[in-house]
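> What follows is a structure written as structure tokens; I'll ask about it next.
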Amino acid sequence: MSTAPQAAPRSGGLLGSAAVVVLVALLLAWSVVDEWRFASQRIGVLISQDEQGVLIEDVEPDSPAERAGLQSGDRVISLEGRAFSTLEELDELFDRHQQPGGVLRGEVARDGRTLPIELEPGVPIDLAGLLAKFVLVAAYLGLAALASRYRRQDPRARILTLFVALVAVELALPAGYTLGELAVTGTLLFWLLSTGVQFAMELHLVSLIPKRLPLLQKRPRLVWVYYVIGFGSGFLLASAAVYQWYLAPPDGPPLLMWTETAVLVSWAVSVAGILAWQAWRAESARETNQALMVLAGLLPWAVYIVVSSVWPGWSRIDPALAEHIENVILLIFPATVFLAIFRYGLFDVESLVRRGLVYGAVALLVIILLYTLLTTALPLFEQAFGLRTSQWIVTACALIIGILFRPLRRGIERLVERGLFPKRRALRHRLIQVARALSTQGRLETLVQQLADESRQALDLSWSAVVAVDEAQDGLTTAFSRGIEADRRERLTSLLHERSRAFGHLERLRRPVTVNRLRRQDEQSAEELAAIGAEVLVPLYFQRRMIGTLCLGRKHNGELFRREEIELLDLFSHQVATSLENLRLFQDATYEELTGLLRREVVLRQLDTEAARAVRRGTPLSVCMIDLDHFKSVNDAHGHLFGDRILSRVAGVMRERVRAVDAIGRYGGEEFLLVLPETDDEGARRLAEELRQAVADLAFEKPDGSGTLGVTISIGTTTSASGKDAPERLAARLLQRADEAVYRAKSGGRNRIIALP
């Protein structure tokens, strides 16, 4: 996908669109007038000029010429008493004497005889031809309107908008049957120059479908070669036309025809060849289908151009049939591009289609209901209740229909999503399930890890990552799914931390953004993120405060993220941010900042809960009191910061070795309380020994660098296998006995375990 500069203001785009529509409407009106005037003057003959004069080559069936008795091979001698021998003289006489509804008199030579003729010009307007022109112009204008909706996000949409709008203007031009010489010359010159412009734009367009050509990725400025070729071709065509019309001798070579053939054939072959190669090198089935659908729209036109330009027999085909073939071929291109957009996602228009279908269906249903109410129900009500009462009933029914508008819209929206957009519906339900599962998590680290893993699976990504701001610890909480290497994890964390440039841009945008669009604000960060493989950045916002970033890698199938997916991720991010912030608030009230263990009041509450459960079920309950040995002397000798580091490390070691159902918290300064549900005396001793040994194995480098320092812990355990005590008494007794046991362990030499019944 190419990178484009900032889009023009929306008002400028609307004015440009309005100008194109007005211009096309004026040209179509001019075409109707031209066709009407031509039909009123038409006599239905094909004439040519030779050395002997003006010859009738063909006579159309059921035309004024046939009704006047003209035949192929007749030679026109005079018109309204004036003799002539050239087509220019004939046109001059015809324009001078022809009047709508009038009769032209003249003479023709046939088989050596001179025969009088009476012509009454005028045939019906070619409504089929005008209708075909209107349909073609509407198709190209509709495609331009659709593509213009996405011109800000997709450079292909911008080019396609301009290209098809120019084609629509060209198709709306009048045929010029009754125009003056200057107008005809101007129209033909515009057609020749616009041919060159279209040549350049279509070369550019096919070089971006489905993705930018590798050569243009390396050297984007080479795209100007297309426009040099295109504008040069248009100038060459216009120069050849001017030379042949005004400077070339009558018997000179057909320079314009040769130039036109060379340009059109080169155009057709080059765009078809580039698009075929783009389809062949596409990385996914979806991209291949995009290129093939556009190629299917261009290929008939390319074949038509080559055949009509090179094959001599094309000139002998009936002109009406040739025009019909050309109209069908021109209609194929917008039809296939529409299909490429809606079926294979050339542009992300799913939301537009969905809204259009939903509101169109609701509006149609409301109209049908109101029409039925007024035409069928109202007469029945009048017969049953009278006019005045029936009017009140109908008014009430209309009010009910208005009230039901929103429920109808929602119901039809669900039907449309279920029937036409099952992937979007499935993704939405999947993201809702992920958000609900996240809300049940009890630890921040677990939540962000689950978010990374679940988002990767839900969107079928190569990897996913979460970088959350941890204000309590003045740092970051990160989580990475499978599929991203360690060195890339470190680089990604540095690119998305709260003081990074990318974080700042996301904080201002406040919505998910693709890495490609981030280039507009920060090209360097975008390039580094793209090198890692990042595709989309989703800011996590809570109450106007950005608390993290969800970074999504590339999809396994190679497809780009669609607008619908970005919108769903935006909604998903708000739910995730709420769960994240709620969990932080819970942890702030439940866990201690320094050690990450339960606060004193929380662990004591947990002891009461487990004591009640033990009494109710008759299961054992063990309690351990843990105390750091000689911790006051460590603080005095090396400072409280060093002591805090020891506390945090020891707490982490113990937290890693207890079960999820166990409760461990900080009871005092250097004391910890461990509650072990359904654990007997032997189990408590075994875990206590494991904790004692793990702490004894730790080594801390002294702040002054003079060596390392080891620490030990003393542990007192107690277990109650009896379920007869009241829960309050059981909790108090276990706490007292554990405290007594740890006191004995410290008195007995420390770094040991004492168990009391």
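What follows is calculated from the coordinates using simple rules that are stated; it is not laboratory data. Model, not experiment: these values are computed from the prediction. Methodologically, a virtual Cβ is constructed for each residue, glycine included, from the backbone with ideal geometry; neighbour enumeration extends over all protein chains shown.
> With r as the distance between the Cβ atoms of A396 and V21 and R0 = 30 Å, compute the FRET efficiency 1/(1 + (r/R0)^6) and round to 0.05.
Rounded to the nearest 0.05, the efficiency is 0.10.
> Something else now. Stretched out fully, how many nm does the piece from A486 to L87 gain, at 0.36 nm a residue minus the Cα gap?
That pair, A486 and L87, stretches by 135.3 nm at full extension.
> How large is ³J(HN,Hα) for each residue in segment 702-707, as worked out from phi by the Karplus curve 6.51 cos²θ - 1.76 cosθ + 1.60 (θ = phi - 60°), to whole Hz, x for Gly and Pro?
Coupling constants for segment 702-707: 5, x, 7, x, 7, x Hz.
> Which residues does a label at R645 reach in segment 680-717, if reach means a backbone N under 16 Å from a point 7 Å past the Cα toward the Cβ?
698-711
> With labels modelled as points extended 7 Å from the Cα through the Cβ direction, what inter-label distance (nm, one decimal) is found for S494 paired with Y743?
Reported label-point gap for S494 and Y743 is 5.5 nm.
> Also: Can you tell me the FRET efficiency between W191 and Y246 if r is taken as the Cβ-Cβ distance and R0 is 25 Å, rounded to the nearest 0.05?
Values: r = 18 Å, r/R0 = 0.70.
According to the calculation, E is roughly 0.90.
> Within the chain, how many Lys pairs sit with Cα atoms under 23 Å apart, leaving out pairs fewer than 8 places apart on the same chain?
4
> Further question on the same structure: Please report the relative contact order for segment 638-720, taking Cα pairs under 8 Å with a sequence separation of at least 6, and give it as a percent rounded to a whole number.
Details: 70 pairs, mean separation 21.5, N = 83.
The value is 26 percent.
> Mean Kyte-Doolittle hydropathy of 1.6 or higher plus an axial Cα length of 20 Å or more: which whole DSSP H helices in the chain meet both?
Qualifying helices, which must be both long enough and hydrophobic enough, are 127-148, 223-242.
> List the residues, sorted by chain then number, that are 5 or more residues from L104 or on another chain and whose placed amide H is less than 5 Å from its amide H.
L119, E120
> Next question, about the same structure. Of all DSSP beta bridges located in segment 600-756, what percent are antiparallel, nearest 5?
Of the beta bridges lying entirely in segment 600-756, close to 85 percent run antiparallel.
> While we're looking at this one, here's another question. If I take every Cα pair under 8 Å that is 6 or more residues apart in the chain, average their sequence separation and divide by the length, what percent do I get for the relative contact order? Provide the component values of the computation, followed by the final result.
Working: 1086 pairs, mean separation 53.0, N = 757.
Relative contact order here is 7 percent.
> Let me ask something else. If you take every DSSP beta bridge whose two residues both sit in the chain, what share of them, in percent to the nearest 5, is antiparallel?
Antiparallel bridges make up about 95 percent of those DSSP assigns within the chain.
> Here's something else I'd like to know. What is the sum of charges around E740, taking Lys and Arg as +1, Asp and Glu as -1, for the other residues whose C-beta is under 15 Å from the C-beta of E740?
+2
> Report the FRET efficiency, 1/(1 + (r/R0)^6), for D704 and R600, where r is their Cβ-Cβ distance and R0 is 35 Å, rounded to 0.05.
Efficiency, rounded to the nearest 0.05: 0.60.
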